[in-house]
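K.L.:
Before anything else, here's the structure in question.
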Amino acid sequence: METKVVIIDRSNMDTDALQKAADIIKNGGLVAFPTETVYGLGGNARDAMAAKKIYEAKGRPSDNPLIVHIADISALSVLAVDIPQSAYQLAEQFWPGPLTMILKKSDLVPKSTTGGLDTVAVRFPSDPIAKALIQTSGCYIAAPSANASGRPSTTCADHVLEDLNGRIEMILDGGPVQIGLESTIIDLTEKIPVILRPGYVTKQQLEDCIGKVLVDKGIMRTGKEEVFPAIAKAPGMKYRHYAPKGKLTVYEGEEAAVITCINQKIAEKMNSGALVGVIATEETRNSYIGGMVRSIGSRHDEEAIAAHLFQILREFDSLHAEYIFSESFSDNRLGHAIMNRLLKAAGYDIVEV
Ligand code: TXA
Ligand code: MG
């Protein structure tokens, strides 16, 4: 099939284009669209065939559940049952926005959408294009990140096209996304809510809203060890994710020592004729002796680092980097999500300098 790319302007939305995209969803087809976190690959959440098509287009295992996107808080009580008060408090504070809640599913949600689980992931995105698409289609939209399974999530329409061209009907191109990392996922089916995936909404913010929150063992870093992700409760977290084609290694330690160490590795790999990429910062970009050096942003600007991470990993893929050496970043606040994605991409290959 031919994948149509339609540019859409947030401040002046082409209602005709939106209607076409909405019709595709209504008729069981797939449309990729921007959200504030990453691009999503959308289909009708109540249509089991649409879910099947999503899994096929991504090459994703069908036991990995999809997030259902809504455009109105009242949809929560349609899709979920036994909803705790905390869900409404979180919705009030963080929706629309980059937070996904896991709740017991209602009979309305087919198990093909939830990967066979009795729970459903619900999110109300803030991007006006996402909102308009959901409203115009009159559907709840099931949407995983719009990347081929195993590749970094997509933060612009070109990346979606790279992975899904010919596999989906349409891409709504709203330009680069705002955040660049996927939503925070919180499981509200446990007595004490558990964060299954760190994101833009931080643990502290969640605790300020609903009290004590735990972090799933699968995403916890205890000292230098990351608990093996196979035990993560979000099925998606157990797969090797966000993997660049080259071998990515993360160097942790004092800045000057990290630079020295990465420079040694650059020299070693370049001497053997390999293509080398370096993930540096604004502060360190001129400190490297060779290789393809990319700045991910200022070390002090977590938002910039989050926004550029997946884009840089993809760029190194297209440049055929065989080895990628990355500095490491603060593990605080949004840094927790950044390091979670970076370490997953590296297959937890961390060097202590
Ligand atoms: O920001 C986002 O959340 C983006 C945009 C498009 O909304 N979506 C996204 O979807 O990241 P996806 O499918 O790439 O990641 C969803 C994650 C997976 O790890 C999946 O296993 C987990 O959510 N998940 C979905 N439903 C779940 C459930 N019922 N229980 C536990 N984990 C669930
Ligand atoms: Mg994904």
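The values are calculated or read from the model by the stated rules, or taken from the named source; none is laboratory data. All values derive from a computational prediction rather than experimental measurement. FYI the Cβ positions are ideal-geometry reconstructions off the backbone, even for glycines, and counts take in every protein chain you see.
K.L.:
I need the full set of residues from segment 89-110 which are surrounded by 22 or more Cβ atoms within 10 Å (Cβ to Cβ) and among the acidic types (Asp, Glu), in order please.
P.N.:
None - no residue of segment 89-110 is surrounded by 22 or more Cβ atoms within 10 Å (Cβ to Cβ) and among the acidic types (Asp, Glu), so the list stays empty.
K.L.:
Return the residues of segment 138-153 that are part of a loop (DSSP other than H, G, I, E, B) and either more than 9 Å from ligand 2 (Cβ to nearest atom) or over 9 Å from GLY42 (Cα atoms) (or both); say none if nothing qualifies. Walk me through how you get there before you give the answer.
P.N.:
We begin by selecting, within segment 138-153, every residue part of a loop (DSSP other than H, G, I, E, B); these are 138-140, 143-144, 146-153.
Matches in segment 138-153: GLY138, CYS139, TYR140, ALA143, ASN147, ALA148, SER149, GLY150, ARG151, PRO152, SER153.
K.L.:
Among the numbered criteria (1) under 23 Å from PRO110 (Cα atoms); (2) surrounded by 14 or more Cβ atoms within 10 Å (Cβ to Cβ); (3) within 12 Å of ligand 1 (Cβ to nearest atom), which one does ALA21 miss?
P.N.:
For ALA21, the failing item is (3).
Here is a yes/no grid of residues against (1) within 13 Å of ligand 1 (Cβ to nearest atom); (2) farther than 22 Å from CYS209 by Cβ:
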site: SER86; (1), (2): no, no
site: LEU103; (1), (2): yes, no
site: VAL109; (1), (2): yes, yes
site: ASP118; (1), (2): yes, yes
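K.L.:
Another one. For segment 217-260, name all the residues that are at pLDDT 60 or above, within 16 Å of ligand 2 (Cβ to nearest atom), outside any helix (DSSP H, G or I) and on the phi < 0 side of the Ramachandran plot.
P.N.:
Of everything in segment 217-260, those that are at pLDDT 60 or above, within 16 Å of ligand 2 (Cβ to nearest atom), outside any helix (DSSP H, G or I) and on the phi < 0 side of the Ramachandran plot turn out to be LYS233, ALA234, HIS241, ALA243, PRO244.
Results for (1) within 11 Å of ligand 1 (Cβ to nearest atom); (2) closer than 15 Å to ILE67 by Cβ, shown as yes or no for each residue.
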{"residue": "PRO128", "(1), (2)": "no, no"}
{"residue": "ILE134", "(1), (2)": "no, yes"}
{"residue": "ALA142", "(1), (2)": "yes, yes"}
{"residue": "SER145", "(1), (2)": "yes, yes"}
{"residue": "GLY174", "(1), (2)": "no, no"}
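K.L.:
Would a scan of segment 204-212 turn up a residue that is basic (Lys, Arg), within 20 Å of the chain's Cα centre (by Cα) and either at pLDDT 95 or above or outside the structural domain of ILE134 (by TED's automatic domain parsing) (or both)?
P.N.:
Checked segment 204-212: no residue is basic (Lys, Arg), within 20 Å of the chain's Cα centre (by Cα) and either at pLDDT 95 or above or outside the structural domain of ILE134 (by TED's automatic domain parsing) (or both).
K.L.:
Now for a separate question. Of all residues in segment 60-79, which are within 17 Å of GLY116 (Cβ to Cβ) and not acidic (Asp, Glu)?
P.N.:
Across segment 60-79, the qualifying residues are ARG60, PRO61, SER62, ASN64, PRO65, LEU66, ILE67, VAL68, LEU79.
K.L.:
Something else about it: Which pairs have Cβ atoms under 7 Å, sit 6 or more apart or on different chains, and link a residue in segment 14-28 that is farther than 19 Å from ASP47 by Cβ to one that is surrounded by fewer than 19 Cβ atoms within 10 Å (Cβ to Cβ)?
P.N.:
Correct list of pairs: ALA17/VAL6.
K.L.:
Consider segment 83-96. How many of its residues are in contact (Cβ under 8 Å) with a residue 24 or more places away in the chain and either at positive phi or assigned to a helix (DSSP H, G or I) (or both)?
P.N.:
Number of matching residues: 7.
K.L.:
Out of (1) away from ligand 1 (no atom under 16 Å from the Cβ); (2) assigned to a loop (DSSP other than H, G, I, E, B); (3) over 15 Å from ALA142 (Cβ atoms), the odd one out for THR37 is which?
P.N.:
(1)
K.L.:
Looking only at segment 176-211, how many residues end up being among the aromatic types (Phe, Trp, Tyr) and either without any contact (Cβ under 8 Å) to a residue 40 or more places away in the chain or away from ligand 2 (no atom under 16 Å from the Cβ) (or both)?
P.N.:
0
K.L.:
Would a scan of segment 200-213 turn up a residue that is crowded, with 22+ Cβ neighbours inside 10 Å, polar (S, T, N, Q) and under 18 Å from ASN340 (Cβ atoms)?
P.N.:
No.
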